[in-house]
Amino acid sequence: MSFDTPDGTRGGRQPRAGLILRLINNSAASRFRRTGKMLGLDGLLLTTVGARSGAERTSPVGRWPGPDGSWLIVAAANGAAPNTAWYHNIAAAHPGSVQIEMHGRRTRVTAEQPHSPERAQAWQQIAAPTPGFAKHQRKTDRELPIIRLAPRSG
């Protein structure tokens with residue numbers, strides 16, 4: 001399954017990368033480690049390797065159960081036109097270097113981007129209980145990428 005969702009041409013506002021975004025992410029990650037929730041959603045901490053820097057980057061993201069013990073996440077970015085940095089890090093730079101943290105445990109995962117009809121099925125599973133993600137989709141002309149994360153064997 002390829003990672004091939006292009007950036008859009010219109011969309012909502014996304015915080016600019018930099019100190020403020022790092023502070024927001026650090027605060028959200030700390031809250032998640034205490035409560036297991038982010039903005040009322042079940043979540044996980046996604047760690048990727050930066051495309052240019054080569055440094056680990058951790059982002060708090062919402063999660064939904066996927067098939068066979070996997071998890072689904074969405075590169076929503078508040079419906080912004082460009083894809084999230086973590087999507088780019090997975091898709092183009094370091095797809096084999098993805099980890100998640102949940103319940104105090106870090107796990108290496110394999111990331112896949114489902115396409116039709118699996119994507120449509122996953123989208124229904126995400127949008128039905130969390131209509132805010134449908135709002136993000138309406139803000140932009142890009143298709144919000146859904147990523148399936150499965151624990152790595154071995």
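Nothing in this text is a laboratory measurement; each read-out follows from the coordinates by a stated rule. Keep in mind the model is a prediction, meaning the values are calculated, not measured. Glycine gets a Cβ as well: all are built from the backbone with ideal geometry, and neighbour counts include every protein chain shown.
Which part of region 100-132 falls in the paramagnetic zone of Glu143, meaning amide N under 16 Å from the point 7 Å along Cα-to-beta-carbon?
112-127
Within 10 Å of each residue's Cβ, count the other Cβ atoms and sort Arg34, Arg119, Arg138, Arg148 from fewest upward.
In increasing order of surrounding Cβ atoms, one gets Arg34, Arg138, Arg119, Arg148.
Quick one: dipole size for the chain, taken about the Cα centre, charges +1 on Lys/Arg Cβ and -1 on Asp/Glu Cβ, in debye to the nearest 20.
Around 620 debye, computed over the chain.
Work out how far the C-alpha atoms of the chain reach from end to end along every principal axis, then list the three figures in whole Å, largest first.
Principal-axis extents of the chain (Cα, largest first): 37, 35, 31 Å.
Would you kindly state how much longer the chain becomes between Thr110 and Ser97 on full extension, computed as 0.36 nm times their sequence separation minus their alpha carbon distance, in nm to one decimal?
3.8 nm
Below 8 Å between Cα atoms, with a sequence gap of 6+, how large is the relative contact order for region 19-151 in percent?
Once normalised by length, the contact order is 26 percent.
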